[in-house]
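Engineer: Okay, handing you the structure first.
The values are calculated or read from the model by the stated rules, or taken from the named source; none is laboratory data. Predicted, not measured: the structure shown is a model, and the values here were computed from it. A quick note on method: Cβ atoms are made from the backbone with ideal geometry, for glycine too, and the neighbour counts reach across all protein chains shown.
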Amino acid sequence: ETGVTQTPRHLVMGMTNKKSLKCEQHLGHNAMYWYKQSAKKPLELMFVYNFKEQTENNSVPSRFSPECPNSSHLFLHLHTLQPEDSALYLCASSQEGLAEYQETQYFGPGTRLLVL
Amino acid sequence: SQQGEEDPQALSIQEGENATMNCSYKTSINNLQWYRQNSGRGLVHLILIRSNEREKHSGRLRVTLDTSKKSSSLLITASRAADTASYFCATVTAAGNKLTFGGGTRVLVKP
């Protein structure tokens, strides 16, 4: 256990559905991240939140909408997805502010998403 | 192309043997990190090496960093079947604000 949980672990949705992925970290960190991992592609950073403020949006399509209500929770709202959005979505957290540079990130187990 | 690239893409060894994988990167870094991922699960941090360090050990893991060649290696000694996983290097550039991951090396340790 890394202290980062994600729900659901598996999700199948149609292209017209709306669903949300949830991430919770119990480490007292103040930065949270969404990554997308597709087969045979490097891990792609999607969004970064520092102290609940979005600091990075890596040219992610608007059908992915993040929400960070507090430093412990992060959501990814999904709507009108495409089959190519099927992937493993990973959440991570880290402690920012203690060091000038990015330190270790702690990952959740991921949500395996299949879009039909 | 990506900042970090691992080599080889896949590696198959017998239990007890050593496994070595390499990571090359393009721009100057502040630190380089290695992570492990078991099939379909999250990444687990293994070790972090800073740009002013040349070698680091953690248990059966040994990481080297050569900033002149912009490369790092991860050595797993006396491998076990449980070491079967994908291993990723991730770099933090001088800008310092995010990790950039490579494509990973898939390691299979046969019992």
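Engineer: Quick check: is even one residue across the range B:72-90 assigned to a strand (DSSP E or B), surrounded by 14 or more Cβ atoms within 10 Å (Cβ to Cβ), facing another protein chain (nearest Cβ under 9 Å) and not aliphatic (A, V, I, L, M)?
Structural biologist: Yes, some residue in the range B:72-90 is assigned to a strand (DSSP E or B), surrounded by 14 or more Cβ atoms within 10 Å (Cβ to Cβ), facing another protein chain (nearest Cβ under 9 Å) and not aliphatic (A, V, I, L, M).
Engineer: Would you mind stating whether A:PRO61 is assigned to a loop (DSSP other than H, G, I, E, B), closer than 14 Å to A:LEU76 by Cβ and more than 10 Å from the chain's Cα centre (by Cα)?
Structural biologist: So A:PRO61 passes the test.
For every residue, the table says whether it meets (1) of a type outside the set (D, E, K, R); (2) under 14 Å from the mean Cα position of the chain (by Cα); (3) modelled with pLDDT of 90 or more.
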| residue | (1), (2), (3) |
| --- | --- |
| B:GLU6 | no, yes, no |
| B:LEU11 | yes, yes, yes |
| B:TYR25 | yes, yes, yes |
| B:HIS45 | yes, yes, yes |
| B:LEU48 | yes, yes, yes |
| B:SER58 | yes, yes, yes |
| B:ASP66 | no, yes, yes |
| B:LEU108 | yes, no, yes |
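Listed here are the residues, each with its yes/no results for (1) in contact with a strand residue (DSSP E or B) (Cβ under 7 Å, 6 or more places away or on another chain); (2) crowded, with 18+ Cβ neighbours inside 10 Å; (3) under 21 Å from B:ARG41 (Cβ atoms).
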site: A:LEU27; (1), (2), (3): yes, no, yes
site: A:GLU67; (1), (2), (3): yes, no, no
site: A:GLU84; (1), (2), (3): no, no, no
site: A:ALA87; (1), (2), (3): yes, yes, yes
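Engineer: Across the range B:7-34, what is the total count of residues that are outside any loop (DSSP other than H, G, I, E, B), within 14 Å of chain A (Cβ to nearest Cβ) and free of Cβ contacts under 8 Å to residues at least 60 places away in the same chain?
Structural biologist: Residues flagged as outside any loop (DSSP other than H, G, I, E, B), within 14 Å of chain A (Cβ to nearest Cβ) and free of Cβ contacts under 8 Å to residues at least 60 places away in the same chain within the range B:7-34 amount to 2.
Engineer: Next question, about the same structure. Looking only at the range B:35-49, filter to residues that are surrounded by 15 or more Cβ atoms within 10 Å (Cβ to Cβ) and out of contact with any Phe, Trp or Tyr (no Cβ under 6 Å at 6 or more places or on another chain); which one of those is farthest from the other protein chains (Cβ to nearest Cβ)?
Structural biologist: B:ILE49
Engineer: Another question, if that's okay. Does the range B:37-55 contain any residue that is of a type in the set (Ser, Thr, Tyr) and part of a strand (DSSP E or B)?
Structural biologist: no
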